[in-house]
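A short worksheet on the structure shown next.
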Amino acid sequence: MAQSAAKGKPAAAPVLPSTKLKRSLRKVLNRDKYLYLMLIPVAVYFILFKYAPLFGEMIAFKNYRLADGIWGSDWVGLEQFRKLFSSREFFTVLRNTLLLNLYNLVFAFPVPIVLAVLLNEVTKSGYKRVLQNLLYIPHFISWVVLGSIVIALLSPSTGVVNHILGWFGIEPIYFMASTFWWPVSFVMSGIWKEAGFGTILYMAAMAGIDPTLYEAARMDGASKLRQIWHVTLPGIRSTAAILLILQVGRMMDVGFEQVYTMKNPAVTKVAEVISTFVYTRGIENLQYSYTTALGLFQSVVALILVVSVNKIIKAMGENGLW
């Protein structure tokens, strides 16, 4: 009887994979709806200020005139790129951009790691908080203000640095007018402003290290330096790898504010970078198509660098950006 009844009952319709996906997606949206609502302003920001401006990259392939607009301007293909790659100025600003970023990578990148390791070893909480605040404060100061302070400190006549050098019988050095000392001043001022704030990420990574690893190292007779080398540094290695990828991704972009505040005609040979060149040629001289082609080239090279370094980092056993 039961078998006959079962045979007479119609079979249930199979659930399609697309239906299952819709149900699971609806379930996730209902569960995390407030998180997605918080994400909406971020998504709108990126759409309006990151993706929508990509439409303007078309200017790089046109002879853009304000009166004609983007659609009305003449299409010239790769003419702007040929003009760019045949220009001596392009190779000068490209060299300066890469060199300044290379200096930052070699000299500035390790500083937050060293500061984080040193701060992590400070046991007195009050003293540690004071040090952290002193290191973080420059990050929140505008480059207009901080650049003026740097110029004043390095002044050959009234600067504190040259005054101290005078105590040792050293003649005043024109730091901001020397093609040798200007890059040094650029890197050191960048370290002063950003290194302290960069320690936050490394100290957060150190907070996640298992304390039993330090106890085991002490039981094995490891000194403080050995503990740092074998426990602390491996514990923050993944964070350093991610920041290294991001740093290399900015190899084509020094930043506008710092360079524009500190540079002067005497050091244009070493201080003119892509961002300031785009400003002077594109905004001031109205060469929109030429500088858009430069910006597009800059973005493509940065993308290639990020993808390449990400693959290298993953091949070394670390987690990349994706």
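Data table
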read-out: Scope the stretch 182-230; condition touching a residue at least 12 places away in the same chain (Cβ under 8 Å) and among the aromatic types (Phe, Trp, Tyr); matching residues; value: Trp182, Phe186, Trp192, Phe197, Tyr202, Tyr214
read-out: Among the residues listed as Val231, Val184, the single one being assigned to a helix (DSSP H, G or I), within 24 Å of the chain's Cα centre (by Cα) and not basic (Lys, Arg); value: Val184
read-out: Qualifying residue in the stretch 277-286 (condition: over 30 Å from Trp322 (Cα atoms) and touching a residue at least 40 places away in the same chain (Cβ under 8 Å)); value: yes
read-out: Inter-residue pairs, beta-carbon under 8 Å, first surrounded by 15 or more Cβ atoms within 10 Å (Cβ to Cβ) and in the stretch 300-322, second aromatic (Phe, Trp, Tyr), 6+ apart; value: Asn310/Trp322
read-out: Condition check for Val248: assigned by TED's automatic domain parsing to the domain that holds Ala204, buried (at least 16 other Cβ atoms within 10 Å of the Cβ), farther than 21 Å from Pro53 by Cβ and hydrophobic (A, V, I, L, M, F, W, C); value: yes
read-out: Test result for Gln287, surrounded by 15 or more Cβ atoms within 10 Å (Cβ to Cβ) and under 24 Å from the mean Cα position of the chain (by Cα); value: no
read-out: Residue in the stretch 312-322 that is assigned to a helix (DSSP H, G or I) and under 20 Å from Ile70 (Cβ atoms) present; value: no
read-out: Breaking point among (1) touching a strand residue (DSSP E or B) at 6+ places or on another chain (Cβ under 9 Å); (2) modelled with pLDDT of 90 or more, for Asp68; value: (2)
read-out: Test: residue in the stretch 226-244 that is surrounded by 13 or more Cβ atoms within 10 Å (Cβ to Cβ), closer than 30 Å to Met206 by Cβ and in contact with an Asp or Glu (Cβ under 6 Å, 6 or more places away or on another chain); value: yes
read-out: Helices (runs of 4 or more DSSP H) within the stretch 39-133 that include 3 or more residues hydroxyl-bearing (Ser, Thr, Tyr) and without any contact (Cβ under 8 Å) to a residue 40 or more places away in the chain; value: none
read-out: Boolean, Ile137 is at pLDDT 90 or above, under 30 Å from Ile228 (Cα atoms), among the β-branched types (Val, Ile, Thr) and touching a helix residue (DSSP H, G or I) at 6+ places or on another chain (Cβ under 8 Å); value: yes
read-out: Residue under evaluation Gly166, criteria (1) closer than 19 Å to Leu146 by Cβ; (2) surrounded by fewer than 16 Cβ atoms within 10 Å (Cβ to Cβ); (3) of a type in the set (Gly, Ala, Ser), criterion not met; value: (1)
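The values are calculated or read from the model by the stated rules, or taken from the named source; none is laboratory data. Values in this document were obtained by computation on a predicted structure and should not be read as measured data. Quick reminder, even Gly has a Cβ in these numbers, built from the backbone with ideal geometry, and neighbours come from all protein chains shown.
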